[in-house]
Structures are given as structure tokens and as C-alpha cells.
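Colleague: My questions will all concern the structure given below.
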Amino acid sequence: MGTVKAKTIPFVVLTSNEERQIGNLKESYWPLYVANQNMRPSTLDAYASMMDKWIMPFFEDLKLAEITAAHVSKFLGHLNQSGLASKYRRNIYNLLSRSSKWLWRTGSFSRVPSGRRSTVRAVSQEQEKGTLTSEQCWALVAAVAARRDKAVLWTFMMTGMRQGEVFGLRRQDADLDSKEIIATHVLYRGQLLRGLKKHKRARKAKQHLVLIPEMLEVVLRGHMESSPFQGPQDFLFHRDDGSPLDPDVFQ
């Protein structure tokens with residue numbers, strides 16, 4: 001496993017009338033932080049879960065002025081022993097780092113101890129997950145009986161699109177004549193949301209143009225012709241009643 005380059009986290013010292021426990025952070029400064037980040041709903045939910053399950057329980061009994069690099073190092077060790085995936089541990093660390101930096105920059109706290117920022121080492125990053133071989137892809141598709149589910153799998157494997165993008169596709173997004181998919185929405189918890197993952201400074205919603213290989217065109221054409229939902233706004237991949245598929249379970 002490789003080691004992530006050490007980053008810095010500003011640990012704050014409060015003025016005399018601001019000496020509060022970190023447990024107050026969620027009710028006071030956390031809403032201000034997320035309001036300024038232009039986050040997707042899925043990101044907001046993930047961050048809230050990290051705060052509730054990991055960051056707040058560990059630090060909530062400490063006053064902000066008492067937190068040092070040693071506390072954060074101990075917290076990272078706690079994460080390493082938790083059995084969480086390396087990527088998730090890194091996301092927790094990044095959230096702690098970003099929110100701390102934001103509080104310091106906005107002047108919520110008076111100064112950084114000793115006039116500098118404390119340095120801690122980030123969690124280790126494991127190797128990326130392996131991809132399926134062509135033989136494994138064929139075996140997976142062969143094991144699926146429904147035409148719709150085969151089309152879903154082929155779309156994932158031949159476009160590299162994200163889960164929310166694929167399940168958010170509508171018929172109008174797939175132009176088989178031009179052999180293009182233009183993804184403009186994502187599906188999140190049953191809701192179709194405008195815009196893909198984007199930088200917070202982007203001025204307009206991002207869209208994703210994907211070329212349709214010939215094999216995928218054949219698969220999608222057969223699926224679309226057999227669907228009873230032919231409207232441009234209808235979901236490309238849907239349940240029997242036309243509602244979007246559950247990303248966790250094909251129904």
C-alpha cells in the first residue's frame with residue numbers, strides 16, 4: 001500500500017467568549033459550511049453520516065481549543081482499526097480537514113496554535129479495485145435473463161458511466177442514430193436530479209457525452225423497442241410500471 005502525502009489541518013484556539021465544545025459545531029457552524037459548498041444531495045447525506053457516526057462521537061467531549069495534532073492522529077488510528085474501507089477513511093479525513101480549514105479562514109476562531117498549522121499524516125490509500133476481464137463480463141451478462149438487465153449491464157461496462165447517471169437516463173438521452181448518449185441528470189434515492197458531478201465554481205450544470213459502440217447500440221435498440229414506455233421523458237431503464245429502477249436492486 002502506498003502512503004498519502006501528509007496534509008495539514010488548522011487546529012483553532014478560541015477567544016475567551018468562544019470557548020465551546022466541538023459538539024456545538026454541528027448546530028452552529030456546520031450548516032454554514034455546507035451552505036457554502038454547493039454540494040450534491042448525495043454528498044450532503046454522506047458528509048452528515050460521517051459527522052454523526054465518526055467525527056462527532058470522537059471529538060464531542062473536547063473543547064475546540066483543546067484539540068491538537070495528537071488528538072487527530074489518535075482519531076486516524078481509530079479509523080484504521082474500524083474495518084472501514086480505505087477510501088471511506090480518507091473521505092472522513094478530508095471532511096475533517098476541509099471543515100477545519102473553512103472555520104479558520106472565515107475567522108470563526110481567533111488564531112492557530114503557535115502561529116502555524118499542525119501536521120498529521122493521512123490514512124494510507126490502498127490499490128484501486130480491479131476491473132472485470134472480458135471473460136468475466138460475458139459470464140455476468142450470460143447469467144442475467146431479462147433483456148432490460150442485460151442492457152443495463154452492457155451500458156455500465158461499455159460506457160464507464162456512473163451508477164446514478166445510468167439509472168437517470170431517459171429515452172431522449174440515447175440517440176441511437178447518432179450513436180450518442182447525452183447524460184444530463186442523475187438518479188438519487190428515487191429522485192431525478194439535474195446536473196452531474198461538477199466543480200462548485202461551475203456556472204452551469206455539467207453533462208456527459210458518451211459514444212455508443214455498435215454492440216451496445218444493438219442491445220439498446222432491442223431493449224427500447226420492447227419497452228411499453230416510448231415517451232422521450234420515460235426512463236430508459238425502468239420497472240414494470242415505468243418508475244426508475246432501484247440502483248441497489250433490479251426490480
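The values are calculated or read from the model by the stated rules, or taken from the named source; none is laboratory data. Because the structure is a prediction, the values reported are computed rather than measured. For neighbour counting, all protein chains shown are included, and Cβ atoms are generated from backbone atoms with ideal geometry for every residue, glycine included.
Colleague: Please indicate, with yes or no, whether at least one residue in segment 210-218 is loosely packed, with under 10 Cβ neighbours inside 10 Å and either modelled with pLDDT of 95 or more or out of contact with any Asp or Glu (no Cβ under 7 Å at 6 or more places or on another chain) (or both).
Modeller: Looking through segment 210-218, at least one residue is loosely packed, with under 10 Cβ neighbours inside 10 Å and either modelled with pLDDT of 95 or more or out of contact with any Asp or Glu (no Cβ under 7 Å at 6 or more places or on another chain) (or both).
Colleague: I'd like to check something: does segment 37-49 contain any residue that is more than 30 Å from residue 195 (Cα to Cα), modelled with pLDDT under 75 and of a type in the set (A, V, I, L, M)?
Modeller: For segment 37-49, residues more than 30 Å from residue 195 (Cα to Cα), modelled with pLDDT under 75 and of a type in the set (A, V, I, L, M): absent.
Colleague: Considering only residues that are surrounded by fewer than 13 Cβ atoms within 10 Å (Cβ to Cβ) and among the aliphatic types (A, V, I, L, M), which ones fall in segment 67-82?
Modeller: Once the filter is applied, which keeps residues that are surrounded by fewer than 13 Cβ atoms within 10 Å (Cβ to Cβ) and among the aliphatic types (A, V, I, L, M), segment 67-82 yields only 70.
Colleague: Among the residues of segment 227-251, how many are under 20 Å from residue 180 (Cα atoms), charged (D, E, K, R) and surrounded by fewer than 14 Cβ atoms within 10 Å (Cβ to Cβ)?
Modeller: Counting residues in segment 227-251 that are under 20 Å from residue 180 (Cα atoms), charged (D, E, K, R) and surrounded by fewer than 14 Cβ atoms within 10 Å (Cβ to Cβ) gives 0.
Colleague: For segment 142-155, which residues satisfy the criterion of being surrounded by fewer than 16 Cβ atoms within 10 Å (Cβ to Cβ), in contact with a helix residue (DSSP H, G or I) (Cβ under 6 Å, 6 or more places away or on another chain) and free of Cβ contacts under 8 Å to residues at least 24 places away in the same chain?
Modeller: Answer for segment 142-155, where residues must be surrounded by fewer than 16 Cβ atoms within 10 Å (Cβ to Cβ), in contact with a helix residue (DSSP H, G or I) (Cβ under 6 Å, 6 or more places away or on another chain) and free of Cβ contacts under 8 Å to residues at least 24 places away in the same chain: just 144.
Colleague: Could you please give the count of residues in segment 59-86 that are outside any loop (DSSP other than H, G, I, E, B) and either within 24 Å of the chain's Cα centre (by Cα) or modelled with pLDDT under 85 (or both)?
Modeller: Qualifying residue count, segment 59-86: 17.
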